[in-house]
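Read the figures in this text as sums done on the coordinates, not as results from a lab. Computed from a predicted model, the values in this text were never measured in an experiment. Every residue, glycine as well, gets a Cβ built from its backbone with ideal geometry; the counts of neighbours run over all protein chains shown.
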Amino acid sequence: MASAALRIEGLPESPLDASAYFHAKVLPEICAAYEGQKDIDLIIVFDPAGHEHRAWRLAVVQELAREVAPARVNAMASDDEGAIAAARAYLEAAKGVTGQLLALDGNGAGSVL
């Protein structure tokens, strides 16, 4: 199955404002792009943010994963291109992983939040 990465940048600092913006502006575009398509896995790449953003990001990823199954949806939070590339390669090979939010450090390693 093919995969696509979508980088989300420039969200507000406040978790509530960031979530509201994402749900109002970004999510409708993702849903429209995926309507009728179940053959492209999605990897969402968020800019790093404080732990306060974890809950809404994870909820979005988990619900999107349910909505577009059997396609997979995962997300990561990082601005390190090497770490993003390594995590993307892992996710593309790990066919059973979906609905996860990975926080990546600068070493290309991640941890599931």
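In terms of modelled amide H atoms, which long-range or inter-chain residues lie less than 5 Å from the amide H of residue 103? Answer set, sorted by chain and number: 77, 111, 113. In the chain, excluding the sites themselves, the longest stretch lacking any of the trypsin sites (Lys or Arg not before Pro) that are in a DSSP loop with at most 14 other Cβ atoms within 10 Å is 39-94.
Note on the chain: helix-only mean residue ellipticity at 222 nm, from DSSP H runs of 4+ residues weighted -39500 (n - 2.57) and normalised by residue number, equals -11500 deg cm²/dmol.
Projecting the Cα atoms of 14, 43, 61 onto the dipole axis of segment 4-62, where Lys and Arg carry +1 and Asp and Glu carry -1 at the beta carbon, places 61 farthest toward the positive end. Which percent, to the nearest 5, of DSSP beta bridges fully inside the chain are antiparallel? Given both bridge residues lie in the chain, the antiparallel proportion sits at roughly 15 percent. Each of 1, 76 was scored by other Cβ atoms within 10 Å of its Cβ. Arranged with the fewest first, they read 1, 76.
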